[in-house]
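The values are calculated or read from the model by the stated rules, or taken from the named source; none is laboratory data. Just so it is clear, the model here is predicted, and its values are computed rather than measured. Backbone-built Cβ (ideal geometry, glycine too); neighbour counts: all protein chains shown. Ligands, DNA and RNA are excluded from the accessible area calculation, which covers all protein heavy atoms including side chains. Shrake-Rupley method; radii C 1.70, N 1.55, O 1.52, S 1.80 Å.
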Amino acid sequence: MKETVIGGTPSAPSHSRAEQAGAQLLALIRQLLLESRGEASAGHGISLDSRLDGDLGLDSLARVELILRIERAFAVRLPERLLGEAATPRDLLRAVLAGTPHAEQALASLPRVRLGGTDDSVPLEAATLGEVLEWHARRQPDRAHVVLLGDDGEGPGEPLTYGDLHREAGAVASGLAHAGIGAGDAVAVMLPTSRDFFRAFMGIVLAGAVPVPIYPPLRAAEVAEHLRRQSRILDNCGARLLIAPAQAAGVAKVLRGLVPTLERVASAGDLARPGPAPRPAVKPQDTALLQYTSGSTGDPKGVVLTHGNLLANVRAMGAAVNARSADVFVSWLPLYHDMGLIGAWMGAMHFAFPLVVMPPTAFVNRPLRWLRAMHRFRGTISSAPNFAYEVCATRIDARDTEGLDLSSWRLAFNGAEPVSPDTLERFARRYGPHGLRREALTPVYGLAECAVGLAFPPPGRGPLVDRVDRLALARDGEARAADGRDVAALRFPACGMPLPGHEIRIVDRDGRELPERREGRIEFRGPSATAGYFRNPAKTRALFDDGWLDSGDLGYIARGELFVTGRVKDVIIRGGQHVHPYELEEAVGRIPGIRKGCVAVVGVPDAATGSEKVVVLAETRVAAGPAREVLRSTVRQAAVSMLGAPPDDVVLAAPHAVPKTSSGKIRRAACRELFEKGIQPTPAVWWQLIRLAWAGVLPQFRRGIRVASDVCYAAYVWALFWLLAPLTWLA
């Protein structure tokens, strides 16, 4: 009988082939658990029918690493859908046995694609987003604006020219007008990164309506919470139409029971109509976008951004980084998030540099695809949150980066979440041999209330890290430079100076401006600043302070540059000492047995002391018993080394218990609420959907009662009219 080779190991008959493959697969899983959790929690009862999430506690990043190891060990390429669909190791084994032999194509053999142009003229006279697109479509209709990569991140990509986008967006605008959508109407867009998203978004803009980007469900287990959160956003903005993928229309219709204004759910293809669309007059002060912050929950905060706000921000960022048409922006960021939507796409549209874009799942499944795209397309600009740089620095095998060339990368923006100096250092060391210049690493600061960008460092300067005395900052709010031998010093990367035309100041609790190196609230003003939150006057009033906007962040200024220290609402005050949660969360996340990135440190009011209790909420799959108590003790020790005192409580929770936003940030307010109510297990998906559908029954019933009442009243009035009309006529 002919032998078959799996992962370099010969096997005999087919039944032993499956057995050997299963044993090798379980060994890979045990090794992964051993590395991430340590000897005490590696788990000995693992079988092919263990649940990857419930029994093994493998989150999405751990699954990515596991699949990469499986592909390398068995020399096969597994299907993309496996990351979300595989429930047990047996599912992975079936995919391995059915997989096709594959080896990652060497970077040296990949075709290099040169994009970019030489015409640096920009539409400075354009006052709206629609005018920007029309300007380019008129001057250079055949110029590639967006290059869409598939889920595998490979291939030459699907080009979308300015002329194509203008024509296809016009067809959507025509369909919107035919559907009765007019100027100022809110239209929600729940689409993945695709051609449909670009034409739907710009179609809404050309129709004079207001696009409201929202994100599709990330995991089936979160579908109920996702739909509930989206219903609040849709209700707040008064969306009349939801544009969603055709296959998602059925699920999206569940929202109609919760959103009275929602008239229709349609795909971009359904809306497109040939022929000219009505072109309402749009002014710079008109709303161009409602950007709901990723933490919007029961009280949605839709940031109102006008055409003037967006163009002012895009132009200021371009001036700060010397953007030019020869640049190439490579992005995997979601288009419902401001960094991907405004920073990447709108910046590319204005300055006419091509945008090479792939779905976020392409990066999540295989982080190497981001770097391969930078190599293939000679990318010069890209941006990502800190976690993406950390993943690439620590979880990509050196064998997969042979031949990688990152010498063209001139601006690697790091923002949207706290920037770790350690991550910057690891990424620079890891990819320096591949041509990455340390000077390309660029920590930045921004927020949705200022469109996206607020402070940028000088391009090509590289990271500048400030070391601060920990005790002086915690007790006195003074960012005193630490002694060079102080191993406990806090480190904060510089985020640069305000963008041209914008201002930043640091104020105390009473609104008094503070001098340099004093920590306080970060406030700003400028042409990109929002006028407030849509239909939320209370939050809007709280946002403003005598013409300045409160960022909600803490920081200080040194040598004219901004250093961000944390969120105001996240700071814990215990015994007069200010505790910043980020550093402790990172330290706890590095403990074997704790799921990295799934740790929340929150402050809970303590009526007995009048201060706050420090609570550490961490996800783990370590079972109850001595190993769990050892883990709890290790967490306390980490807190003592950071804070000088143990936390008041350490809660070890099941996987997926720590709430996160769509962009992966910890929702600390929700964590605080979970702790106060007690951690509850997540109900089954079918039960969540039943509860969600039932939640929509009552509003529908009330609307039905109102409609029936109106019909009965109308019938009564008409009956009375016809009874009295003859008498009145005779009289």
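About the Cα centre of segment 350-467, how large is the charge dipole given +1 on each Lys and Arg Cβ and -1 on each Asp and Glu Cβ? Please answer in debye to the nearest 20. Let's see the in-between values first.
Numbers: 15 positive and 11 negative charges, 76 e Å.
The calculation lands at about 360 debye.
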task: Using only alpha carbon pairs under 8 Å that are at least six residues apart, calculate the relative contact order of segment 493-538 and give it in whole percent.
output: 33
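Quote to one decimal, in nm, the extra length available between Q247 and R195 on full extension: 0.36 nm per residue of separation minus the C-alpha distance between them. Please list the in-between numbers first.
Values: separation 52, 0.36 × 52 = 18.72 nm, distance 1.59 nm.
Using 0.36 nm per residue and subtracting the Cα-Cα distance, I get 17.1 nm.
Which of the residue pairs K539/K613; K569/K660; K283/K539; K613/K660 have a Cα-Cα distance greater than 24 Å in the structure shown? If you can, show how the numbers build up before the last one.
Working: K539/K613 27 Å; K569/K660 16 Å; K283/K539 26 Å; K613/K660 22 Å.
Distance filter (> 24 Å) returns K539/K613; K283/K539.
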In Hz, Karplus ³J(HN,Hα) per residue of segment 591-599 (6.51, -1.76, 1.60; θ = phi - 60°; x = Gly, Pro): 6, x, x, 9, 6, 4, x, 10, 10
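Counting only heavy atoms of protein chains, what accessible area per residue, in Å², does segment 440-517 have with a probe of 1.4 Å? Intermediate results must be reported in sequence, preceding the final value.
Working: 3470 Å² over 78 residues.
On a per-residue basis, 45 Å².
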statement: Mean Cβ-within-10 Å packing, highest first, puts peptides 68-81, 531-544 in the order 68-81, 531-544
statement: Ordering W345, W729, W135 by the accessible surface of their heavy atoms, 1.4 Å probe, largest first, yields W729, W135, W345
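Extension gain E673-A542, at 0.36 nm per residue separation less the Cα-Cα distance, in nm?
Details: separation 131, 0.36 × 131 = 47.16 nm, distance 2.23 nm.
Stretched out fully, the E673 to A542 stretch lengthens by 44.9 nm.
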message: Check which residues have an amide H placed less than 5 Å from H145's amide H, if you skip close sequence neighbours.
response: L160, T161, Y162
task: Could you pull out every residue, at least 5 positions away or on a different chain, whose amide H is within less than 5 Å of the one on V212? Hs are placed 1.01 Å off N in the peptide plane, and Pro or chain starts have none.
output: V187, A188, V189
- request: May I ask you to evaluate 6.51 cos²θ - 1.76 cosθ + 1.60, the Karplus curve with θ = phi - 60°, for each residue of segment 256-268 and list the ³J(HN,Hα) values in order in whole Hz, giving x for glycine and proline?
  value: 5, x, 9, 10, x, 7, 6, 9, 7, 10, 9, 8, 4
message: So for each of 271-278, 173-180 I average, over its residues, the number of other beta carbons within 10 Å; can you give me the resulting order with the highest mean first?
response: 173-180, 271-278
- line: Applied in sequence order to segment 480-485, the curve 6.51 cos²θ - 1.76 cosθ + 1.60 (Karplus, θ = phi - 60°) yields integer Hz couplings, x standing for Gly and Pro, of 6, 4, 7, 5, x, 9
- prompt: Using mean Cβ contacts within 10 Å as the protection proxy, how do 388-396, 356-364 order, highest first?
  reply: 356-364, 388-396
Probe 1.4 Å, protein heavy atoms only - accessible area per residue of segment 342-437 in square angstrom: 25
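Once neighbouring chains are kept in place and the probe is 1.4 Å, which whole percent of the accessible area of segment 463-592 is contributed by carbon and sulfur? Kindly include the intermediate steps, with their values, before the conclusion.
On the way: 3080 of 6150 Å².
Looking at segment 463-592 in its full context, I get 50 percent from C and S.
Determine the per residue accessible area of segment 118-217 with all protein chains present and a 1.4 angstrom probe, expressed in square angstrom.
Working: 3330 Å² over 100 residues.
Solvent-accessible surface per residue comes out at 33 Å².
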- prompt: Between rounded, prolate and oblate, where does segment 416-533 land on the alpha carbon gyration tensor, with a ≥ b ≥ c its root eigenvalues, rounded for a/c under 1.5, else prolate if a/b exceeds b/c?
  reply: oblate
